[in-house]
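Engineer: Provided herewith is a single structure, encoded as structure tokens, for subsequent inquiry.
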Amino acid sequence: MNTKYLDLLAEKYDSEEKVVTEIINLESILDLPKGTEHFVSDLHGEYQAFQHVLRNGSGKVREKINDIFKDTLPEEDINDFAALVYYPEDKLKLIKHQFNSKQELDEWYAEKIHHMIHLISYASSKYTRSKLRKALPEQFVYIIEELLYKTDEYTNKKPYYEKIVQKIISLGQAEKLIIGLSYTTQRLVVDHLHVVGDIYDRGPEPDKIMETLINYHSIDIQWGNHDVLWIGAFAGSKVCLANIIRICARYDNLDIIEDAYGINLRPLLNLAEKYYGDNPAFRPKKHSDQNITDQEKLQITKIHQAIAMIQFKLESPIIKRRSFFNMEERLVLEKTDYDKQEITVYGKTYPLENTCFSTVDPSDPAKLLPEEEEVIDKLLLSVQQSEKLKRHMNFLMKKGSLYLKYNGNLLIHGCIPVDENGDMEQMEIEGQAYKGRELLDKFESYLRYAFAHKELTDDLATDMVWYLWTGEYSSLFGKRAMTTFERYFISDKVSHKEEKNPYYYLRENEEMCRKMLEEFELDPSQGHIINGHTPVKEIDGENPIKANGKMIVIDGGFSKAYQSTTGIAGYTLLYNSFGMQLVAHQHFNSKEDVVLNGADVLSVRRVVDKELERKKVRETNVGAKLQEEIEMLNQLMEYRYIN
Ligand SMILES: O=P(O)(O)OC[C@H]1O[C@](O)(COP(=O)(O)O)[C@@H](O)[C@@H]1O
Ligand SMILES: [Mn+2]
């Protein structure tokens, strides 16, 4: 027994009574129903839509409101009340001016406070008082507890209750309290959030999503290929950096780089202005909600070409120095015939169009011009100096991992690379072969090393981060090759195809999923694999619940750019003590629409798994930790206080 540890523990629990109280407290938590886990993925910078899903707990807030008020309130009032709980500040601002007198407004405040207390009391029924206290707005803890507990006990406490509420209103605190209670409700409805990858790219506000996640009460992240690309850029990989800027240009999101993260794009713009003109293949993708002038469009088109060419050039030396990446086929600049303007890839020759090779020397095509080199070096410096990016990347590292085992399930953004027979694919790294879980662990250790050594830009670890973005056996990418070059310069769509790892069809098979769960030492009869990454095309009849419920794919397309292929606006998953439910979200219009019209996005639920018995905290990851704590406290009891 570690007596040193027990001595330390005894400082905190310095009496027999304290130890006993804590043991009883922890024991009682173990018997409570497990908290609700909320799974989201592929947020792709869509802050507004993500906010909505988070604020309504994928429909859970609405469900609780309905449970309580459906028989007493008309639907319109329920809509209004739900909107207030989701967006309290905005709703309050809007509603305040709709009353004829102060008295009317005060009555409205009193009613809403009453409803919210009722809602919180209901939503917190499966938590201990101490946990609820932590979720309450700090400045109102005492008052809310008074309202929650004392008034419940005796009916004749009604006047007391009303007096407190009146006092709050007359002291001008009603709005603050309503706002606080709304956020408490949101927090109570979801105990823990899992983000199964791809926070970054395509959408406009990944930085705001990161801020939200940083402030979230309980969270973990499984990195997506796009997140790893950003981590790579910050960790010193110039090719990752070129990629993130290229994608931002492509989606007209350079504001993220310049304004959100304060990275100076001027040197890149100067280079772009010098070498590039208009080019239809590089014009930014259209956004319905953004209007840009022709001049801005032209500027982005030029930047887009400049950074894409830098990217292609930077890929070449990595492919050459890491032959085990097995990416020779991606030496596209070398494979191009500059006279004929054609390329031969995977044994087929294609004509090239919309080319922009003015900085390419055909005798040494991957050589960066000194100006290009200077630009990418300056960009890297600027990226690594961005305080905000540093904070966001540190958070991704702290809360993130390549995969996660949580409450018996395996969470992973992309795949576990396998061959057509379902055997784990092997990859040889530095003379040693890795596969399955070991391969993923190896990848993660390289990524962490690269992040810890940002000054190294060409070492193996940094190159491996790029491999995670685009390599055949990357668990995040999971396709034979990324055909970015072909997508820009070849019109024949056959060349654009990115062949997927067999995992993506084998995962339909229950036996296969069981085997993979076993590979990760999880119980195949209990566990599920939860994936993001590949948009589920509900429109074509694809089912996100696969392999007899063992496999759940929750990439439904938060990303607006992908909604036309999926036919919905994203999936999320809820896992509470009663089981697992998949939620399919309809297109999210805007926060304004919800606040103004109470137009909540309808979500459709599908049961994935039903627990035979309500699952308790005792059976969860958290429960295991609590049991360890109880064990230590029992030891302390024996060591210090018994005899
Ligand atoms: O839709 P775009 O911008 O052309 O991006 C396509 C690229 O994105 C990828 O699908 C990777 O992104 P996802 O992880 O979101 O799928 C690549 O495989 C592909 O080359
Ligand atoms: Mn992805």
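Engineer: Can you tell me how many residues within the stretch 49-78 are over 20 Å from Leu188 (Cβ atoms), among the aliphatic types (A, V, I, L, M) and surrounded by fewer than 19 Cβ atoms within 10 Å (Cβ to Cβ)?
Structural biologist: Final tally of qualifying residues: 1.
Engineer: Which of the residues spanning the stretch 548-575 are over 24 Å from Ile209 (Cα atoms) and crowded, with 19+ Cβ neighbours inside 10 Å?
Structural biologist: Lys550, Met551
Engineer: When the residues of the stretch 410-419 are narrowed to those that are touching a helix residue (DSSP H, G or I) at 6+ places or on another chain (Cβ under 8 Å) and away from ligand 2 (no atom under 16 Å from the Cβ), which ends up farthest from Glu518 (Cα to Cα)?
Structural biologist: Only one residue fits best here, namely Val418.
Engineer: Further question on the same structure: Of Phe39, Phe81, which residue is buried (at least 17 other Cβ atoms within 10 Å of the Cβ), within 16 Å of ligand 2 (Cβ to nearest atom) and either free of Cβ contacts under 8 Å to residues at least 60 places away in the same chain or within 17 Å of Leu193 (Cα to Cα) (or both)? Show your work before the answer.
Structural biologist: Working: Phe81 fails: within 16 Å of ligand 2 (Cβ to nearest atom).
Exactly one of Phe39, Phe81 is buried (at least 17 other Cβ atoms within 10 Å of the Cβ), within 16 Å of ligand 2 (Cβ to nearest atom) and either free of Cβ contacts under 8 Å to residues at least 60 places away in the same chain or within 17 Å of Leu193 (Cα to Cα) (or both), namely Phe39.
Engineer: If Ile256 satisfies all but one of (1) in a helix (DSSP H, G or I); (2) more than 16 Å from ligand 1 (Cβ to nearest atom); (3) not polar (S, T, N, Q), what's the number of the condition it fails?
Structural biologist: Every condition holds for Ile256 apart from (2).
Engineer: Taking the criterion of being of a type outside the set (Ser, Thr, Tyr) and within 16 Å of ligand 1 (Cβ to nearest atom), would at least one residue in the stretch 612-620 satisfy it?
Structural biologist: No - not one qualifying residue is present in the stretch 612-620.
Engineer: Give the number of residues within the stretch 425-452 that are more than 27 Å from the chain's Cα centre (by Cα) and assigned to a strand (DSSP E or B).
Structural biologist: Number satisfying all stated conditions: 7.
Engineer: In addition: Is there any pair with a first residue in the stretch 17-33 that is surrounded by 15 or more Cβ atoms within 10 Å (Cβ to Cβ) and a second that is aromatic (Phe, Trp, Tyr) whose Cβ atoms are under 8 Å apart and which are 6 or more apart or on different chains, and what are they?
Structural biologist: Correct list of pairs: Val19/Tyr13; Val19/Tyr641; Glu22/Tyr13; Leu32/Tyr127.
A quick yes/no check of all residues on (1) closer than 27 Å to Ser130 by Cα; (2) among the polar types (S, T, N, Q); (3) over 20 Å from the mean Cα position of the chain (by Cα):
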position	(1), (2), (3)
Lys157	yes, no, yes
Asn215	yes, yes, no
Ala233	no, no, no
Cys240	no, no, no
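Engineer: Inspect the stretch 265-274 for any residue being touching a Leu at 6+ places or on another chain (Cβ under 6 Å) and either closer than 26 Å to Gln48 by Cα or crowded, with 24+ Cβ neighbours inside 10 Å (or both) and give the result as yes or no.
Structural biologist: The answer is no, given that none of the residues of the stretch 265-274 is touching a Leu at 6+ places or on another chain (Cβ under 6 Å) and either closer than 26 Å to Gln48 by Cα or crowded, with 24+ Cβ neighbours inside 10 Å (or both).
Engineer: Okay, moving on. Lys625: under 22 Å from Leu573 (Cα atoms) and at pLDDT 80 or above, yes or no?
Structural biologist: The answer is no for Lys625.
Engineer: With respect to Asp227, is the statement that it is acidic (Asp, Glu) and either farther than 30 Å from Ala135 by Cβ or surrounded by fewer than 21 Cβ atoms within 10 Å (Cβ to Cβ) (or both) true?
Structural biologist: No.
Engineer: Please specify each residue of the stretch 188-235 satisfying the condition of being more than 16 Å from ligand 1 (Cβ to nearest atom), of a type in the set (Val, Ile, Thr) and under 21 Å from Gly408 (Cβ atoms).
Structural biologist: Residues satisfying the conditions are Val190, Ile219.
Results for (1) more than 16 Å from ligand 1 (Cβ to nearest atom); (2) touching a helix residue (DSSP H, G or I) at 6+ places or on another chain (Cβ under 8 Å); (3) closer than 22 Å to Thr212 by Cα, shown as yes or no for each residue.
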{"position": "Ser382", "(1), (2), (3)": "yes, no, no"}
{"position": "Lys390", "(1), (2), (3)": "yes, yes, yes"}
{"position": "Phe395", "(1), (2), (3)": "yes, yes, yes"}
{"position": "Asn421", "(1), (2), (3)": "yes, no, no"}
{"position": "Met424", "(1), (2), (3)": "yes, yes, no"}
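Engineer: What number goes with the only condition from (1) within 16 Å of ligand 2 (Cβ to nearest atom); (2) outside any loop (DSSP other than H, G, I, E, B); (3) touching a Phe, Trp or Tyr at 6+ places or on another chain (Cβ under 7 Å); (4) not aromatic (Phe, Trp, Tyr) that Leu193 does not pass?
Structural biologist: Failed condition: (1).
Engineer: So which helices (runs of 4 or more DSSP H) stay within the stretch 1-103 end to end and still have 1 or more residues that are under 30 Å from Glu205 (Cα atoms) and touching a Leu at 6+ places or on another chain (Cβ under 9 Å)? Reasoning before the result, please.
Structural biologist: Numbers: elements: 3-12, 16-30, 47-55, 60-69, 75-86, 88-95.
Hits in the stretch 1-103: 47-55, 60-69, 75-86, 88-95.
Engineer: Now for a different question. So Leu105 clears everything in (1) in contact with a Ser or Thr (Cβ under 8 Å, 6 or more places away or on another chain); (2) more than 30 Å from Asn253 (Cα to Cα) except one condition, right? Which one?
Structural biologist: (1)
Engineer: Kindly establish whether Lys176 is away from ligand 1 (no atom under 16 Å from the Cβ), outside any loop (DSSP other than H, G, I, E, B), over 26 Å from the mean Cα position of the chain (by Cα) and surrounded by fewer than 13 Cβ atoms within 10 Å (Cβ to Cβ).
Structural biologist: Taking the combined requirement at face value, the residue does not satisfy it.
Engineer: Looking only at the stretch 478-532, count how many residues are farther than 30 Å from Gln341 by Cα, small (Gly, Ala, Ser) and either exposed (fewer than 15 other Cβ atoms within 10 Å of the Cβ) or out of contact with any Gly (no Cβ under 8 Å at 6 or more places or on another chain) (or both).
Structural biologist: The number of residues fulfilling the criteria is 1.
Engineer: Additional query: Return yes or no: is Glu455 away from ligand 1 (no atom under 16 Å from the Cβ) and assigned to a loop (DSSP other than H, G, I, E, B)?
Structural biologist: yes
Engineer: Would you please list the contacts, defined by Cβ atoms under 6 Å and residues six or more apart or on different chains, that run from a residue in the stretch 404-433 that is more than 30 Å from His38 (Cβ to Cβ) and in contact (Cβ under 8 Å) with a residue 40 or more places away in the chain to a residue that is surrounded by fewer than 17 Cβ atoms within 10 Å (Cβ to Cβ) and of a type in the set (Phe, Trp, Tyr)?
Structural biologist: Glu428/Phe324
Engineer: Restricting attention to the stretch 196-226, which residues are in contact with a Leu (Cβ under 6 Å, 6 or more places away or on another chain), within 13 Å of ligand 2 (Cβ to nearest atom) and not in a loop (DSSP other than H, G, I, E, B)?
Structural biologist: Correct list: Gln222, Asn225.
Engineer: Out of (1) in contact with an Asp or Glu (Cβ under 7 Å, 6 or more places away or on another chain); (2) without any contact (Cβ under 8 Å) to a residue 24 or more places away in the chain; (3) not hydroxyl-bearing (Ser, Thr, Tyr), what's the single condition that is false for Ala481?
Structural biologist: With (1) in contact with an Asp or Glu (Cβ under 7 Å, 6 or more places away or on another chain); (2) without any contact (Cβ under 8 Å) to a residue 24 or more places away in the chain; (3) not hydroxyl-bearing (Ser, Thr, Tyr) applied to Ala481, the lone miss is (2).
Engineer: Could you please find all residues in the stretch 458-477 being among the β-branched types (Val, Ile, Thr) and either surrounded by fewer than 22 Cβ atoms within 10 Å (Cβ to Cβ) or away from ligand 1 (no atom under 13 Å from the Cβ) (or both)?
Structural biologist: Those that are among the β-branched types (Val, Ile, Thr) and either surrounded by fewer than 22 Cβ atoms within 10 Å (Cβ to Cβ) or away from ligand 1 (no atom under 13 Å from the Cβ) (or both): Thr462, Val465.
The values are calculated or read from the model by the stated rules, or taken from the named source; none is laboratory data. These numbers were taken from a predicted model, which means no experiment stands behind them. Please note: Cβ atoms are built from the backbone with ideal geometry, for glycine as well, and neighbour counts cover all protein chains shown.
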